[in-house]
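The values are calculated or read from the model by the stated rules, or taken from the named source; none is laboratory data. All of these numbers come straight from a predicted model, not from anything done at the bench. Note: ideal-geometry Cβ built from the backbone for every residue, glycine included; neighbour counts use all protein chains shown. When the accessible area is computed, the model is the full protein with side chains, heavy atoms only, and any ligands, DNA or RNA have been set aside. Shrake-Rupley method; radii C 1.70, N 1.55, O 1.52, S 1.80 Å.
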Amino acid sequence: MKLRNTVVLALVALVTFAFAGKGVNYKVVTNQSKVNWRGTKVTGEHSGAINVAEGTLNSDGKNIYGGTFTIDMNSITCTDITDAKMNGNLVGHLKSDDFFGTAKHPKATLVITKVTPTKTKGQYLVNGDLTIKGIKNPIQFPATIAHAGNQIKAKANIKVDRTKYDIKYGSGSFFDNLGDKAISNEFELNVDLVAQKDLVAKK
């Protein structure tokens, strides 16, 4: 496991180095950034939040060349259940091996490999590699990105097929006769990101 984590970190460092010559790094302002999650099932849905632990975007002030982000999976919360006991049960289950296994995999990472502008101003198509539970898969999602002075502000809706990361609990694709206990394979991450230019690094 330590070897796998070392490999992931090495790949992140390599991507960061590859983009370093094209622009400057914008460091994610964690207290101004947020990630909200939403999962659905036959009988309804649940939602909550996850913290961005750290991250950077590489940009020349106009174009995004890459980026790396670390998500603190142990920070996951549920915001739609008001009963404290039921809320704690759900969060505990999400942290268990049935879902994200946060004891063994406390971090998830997203490495942006390509950002392509669309025909609509401010709208982009982002390609990257998402690693959850030590499993890496390519991912693509739309994003709204704006440069404002020394900041980059971005919003994105990322749809993730959890079964690609060995999260199969309650999936109708792998288990029969689930009935109304079936949980959708796909969950959403709604990202609201603020990154500040690293003026020290620029010097």
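Checked against (1) in contact with a strand residue (DSSP E or B) (Cβ under 6 Å, 6 or more places away or on another chain); (2) touching a residue at least 24 places away in the same chain (Cβ under 8 Å), SER171 passes all but condition (2).
A residue that is open to solvent by 30 Å² or more (accessible area, probe 1.4 Å), in a strand (DSSP E or B), out of contact with any His (no Cβ under 8 Å at 6 or more places or on another chain) and at pLDDT 95 or above cannot be found anywhere in the stretch 79-91.
Quick check: is even one residue across the stretch 63-74 of a type outside the set (Asp, Glu), surrounded by fewer than 17 Cβ atoms within 10 Å (Cβ to Cβ), assigned to a loop (DSSP other than H, G, I, E, B) and free of Cβ contacts under 8 Å to residues at least 60 places away in the same chain? Let's see the steps before the verdict.
So the first thing to find is which residues in the stretch 63-74 are of a type outside the set (Asp, Glu), and the list is 63-71, 73-74.
With surrounded by fewer than 17 Cβ atoms within 10 Å (Cβ to Cβ) added as a condition, the list becomes 63, 74.
In the following step, the residues that additionally are assigned to a loop (DSSP other than H, G, I, E, B) were identified as 63.
Now restrict to residues that are free of Cβ contacts under 8 Å to residues at least 60 places away in the same chain: 63.
Checked against the condition, which is being of a type outside the set (Asp, Glu), surrounded by fewer than 17 Cβ atoms within 10 Å (Cβ to Cβ), assigned to a loop (DSSP other than H, G, I, E, B) and free of Cβ contacts under 8 Å to residues at least 60 places away in the same chain, the stretch 63-74 yields at least one hit.
Scanning the stretch 158-174 for residues that are out of contact with any helix residue (DSSP H, G or I) (no Cβ under 9 Å at 6 or more places or on another chain) and open to solvent by 40 Å² or more (accessible area, probe 1.4 Å), we see that the one that is modelled with the lowest pLDDT is GLY172.
Filtering LYS153, LYS181 for residues that are open to solvent by 70 Å² or more (accessible area, probe 1.4 Å) and either under 18 Å from THR56 (Cα atoms) or at pLDDT 95 or above (or both) leaves a single hit, LYS153.
Can you find, within the stretch 92-108, the residue that is nearest to SER171 (Cα to Cα) among those that are outside any loop (DSSP other than H, G, I, E, B), open to solvent by 20 Å² or more (accessible area, probe 1.4 Å) and in contact with a Ser or Thr (Cβ under 9 Å, 6 or more places away or on another chain)? Even if it seems obvious, please write down each step before you answer.
So in the stretch 92-108, the residues outside any loop (DSSP other than H, G, I, E, B) come out as 92-95, 107-108.
If we keep only those that are open to solvent by 20 Å² or more (accessible area, probe 1.4 Å) as well, we get 92-93, 95, 107.
Filter again for in contact with a Ser or Thr (Cβ under 9 Å, 6 or more places away or on another chain), leaving 95, 107.
Working: LYS95: 17, LYS107: 23 Å.
Only one residue tops the list, namely LYS95.
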